[in-house]
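First the structure, in the form of structure tokens, and then the observations on it.
The values are calculated or read from the model by the stated rules, or taken from the named source; none is laboratory data. What you see is a predicted model; the values in this text were computed from it and never measured. We place every Cβ from the backbone using ideal geometry, glycine too, and count neighbours over all the protein chains shown. For the accessible areas, the whole protein counts, side chains as well, though only heavy atoms, and no ligand, DNA or RNA atoms are used. Shrake-Rupley method; radii C 1.70, N 1.55, O 1.52, S 1.80 Å.
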Amino acid sequence: MGEVTALNPVLRVAQALQEPKAVTVRRDAAWKLYESLEVPRLEKTDLRRVAWEVGEFEPSDAPVPEAALGYVRELAHSYALVVDGRIREIHLSEEAKEKGVVVTSILEACDAHPEIWNRHFGTIVPAEEAKWTALNMALFAGGLFVLVPRGAELEQPVEVVYVWTGRTFSACSRSLVVTEPLSRLRYAETTFASDGGRFVNSHVLEVFAGQASRVEIATADEWAKGGIHFVTRRAKAGNDAEIDWVVADTSDGQAVETIESALVGQGSRSFARVMGLGHGRAHVEITASMRHVGRHTESEISMNGALRDRANVIFRSRTQIEKGAIGAGSEQHDRMIMVDGTARADAIPMLLIDENDVERCGHAASVGKIDPLQVYYLMSRGIPQSVAVQMIIWGYLRDSVEALPSDAMRDLVVSRVERELAR
């Protein structure tokens, strides 16, 4: 490779982190790609007015908001606290230590586990995929590397708590999770974001599930007003591996989010459950995607959302069955309800099938207001109208909340939802 000619944003991150030169060269190439790529045109989200401001990367001594600090102190399992792109703390549980689970920073893994890092890093979510993934590769800083050894089964989750204090800065988060054959991992990401300037944030998670392993991924996001957040979370499944997603989003800012399972291995499976509560002036686009490549793969997508105020939320469920994915089976279910007439919702199911020999493939989608007969029935039992509306909404959202991996995470999402429903 030639000499690094990185522009200032890349150099600032690289020098601050004291990283290997090979990583900086990779950043440099991604930054040039980012600058050359046109602003993408999305079907329902206009990005032409986005100010692609990345700010300056500086070590942050900003205090952790009380809500995030209180949440972290309640965690009994393994966790990492990442504030404005810098890891503040990593705690490894006794269970994880005993079973040989590795939890370290994404950059330290480059030297400590080079073979695994080089095999998977940047291959599941490549820089050239989109303008925002190129930005992430160029400026990634805070993030974890998690490795679960062969045969290890963790009962308690490993969680990353991301905190954005509202500063405009050039630091993107990126994590890599690898499970070796016959292992099990419950992995979680929780975000706390404060309102801030008009900056661009690009978040990436890459997961590789080895043969016959099971990975359960849970997220609790609350992207705030000010910047725009691009979120790309993707998992790749080996033979007979299973990947399950539980996504809880209560954002009131602007976000473009994708979760995807690439079912490459034969007999691999994936289930995605997405729960969204749009409020305020939120503009959130969430795509849940299943890509069937291997034979006899199975997937299911279930998306449930509720909207109020002037929120604009797009739910897109996407299933792609590639040529050669014989015996694939897939189902999609999207349901969205609007609490207020000022909210806007779109549920867009997509089936892309290039293989004739499939087991099954179906979808169903609905968008509408709360049924007034349901409200009337509850009110006839002495329940106030506002409480009746909340009960109906919880009927849509409860299953997803109950599927979250820890009491702390469930309590957090419940408190966020109840806070907005009580307004």
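For the chain, what value does the Rg/Rh ratio take when both radii are computed over Cα atoms and Rh is the Kirkwood radius, given to two decimals?
0.96
Using alpha carbon centroids, what distance separates the range 262-294 and the range 362-401, in Å?
Result: 24 Å between the Cα centres.
Is there a quick way to get the dipole size of the range 359-415? I mean about its Cα centre, with the Cβ of Lys and Arg at +1 and of Asp and Glu at -1; what is the value in debye to the nearest 20?
220
Divide by every residue of the chain the summed helix terms, -39500 (n - 2.57) for each DSSP H run of at least 4, and state the resulting mean residue ellipticity at 222 nm, rounded to the nearest 500 deg cm²/dmol.
-7000 deg cm²/dmol
Here is the link list: 21/236; 32/225; 44/131; 44/225. Which ones come out longer than 22 Å on Cα distance?
21/236; 32/225
Putting +1 on Lys and Arg Cβ atoms and -1 on Asp and Glu Cβ atoms, find which of 172, 75, 37 reaches farthest to the positive end of the dipole of the chain.
37
Using a 1.4 Å probe and ignoring any ligands, DNA or RNA, find the accessible area of residue 124 and quote it in Å² to the nearest 10.
Looks like 10 Å² after rounding.
About its Cα centre, how strong a charge dipole does the chain have in debye, to the nearest 20, once Lys and Arg get +1 and Asp and Glu get -1 at the Cβ?
760
Any chance you could check the Cα centroid distance between the range 320-338 and the range 6-77 for me, in angstrom?
Value for the Cα centre distance between the two parts: 33 Å.
Which listed residue (112, 134, 156) has the Cα farthest towards the positive end of the charge dipole for the range 105-159, taking +1 on Lys and Arg C-beta and -1 on Asp and Glu C-beta about the Cα centre?
134
Tell me the relative contact order for the chain as a rounded percent, counting alpha carbon contacts under 8 Å between residues six or more apart.
Relative contact order comes out at 10 percent.
Please give the net charge around residue 207, taking every other residue with its beta carbon less than 15 angstrom from that of residue 207, where Lys and Arg add +1 and Asp and Glu add -1.
The answer is +2.
Which of the trypsin sites (Lys or Arg not before Pro) found in the range 277-365 are in a DSSP loop and have at most 11 neighbouring Cβ atoms, other than their own, within 10 Å?
Sparse-neighbourhood loop trypsin sites (Lys or Arg not before Pro): 323.
In terms of solvent-accessible area of protein heavy atoms at a 1.4 angstrom probe, what is the ranking of 307, 107, 42, highest value first?
Order by accessible area, largest first: 42, 107, 307.
Would you please give the FRET efficiency between residue 381 and residue 340, computed as 1/(1 + (r/R0)^6) with r the Cβ-Cβ distance and R0 = 35 Å, to the nearest 0.05?
Calculated transfer efficiency: 0.90.
Treating only the Cβ atoms of Lys and Arg (+1) and Asp and Glu (-1) as charged, compute the dipole magnitude of the range 308-423 about its Cα centre; round to the nearest 20 debye.
With only Lys, Arg, Asp and Glu charged at Cβ, the dipole is about 580 debye.
For residue 407, what accessible surface area do you get with a 1.4 Å probe? Give it in Å², rounded to 10.
100
Quick one: helix 385-402 against the long Cα principal axis of the chain, what's the angle to the nearest 10°, folded into 0 to 90?
40
Find which of 241, 277, 259 sits farthest along the positive direction of the dipole of the range 233-280, computed with +1 on the beta-carbon of Lys and Arg, -1 on that of Asp and Glu, about the Cα centre.
The residue sitting farthest along the positive end of the dipole is 241.
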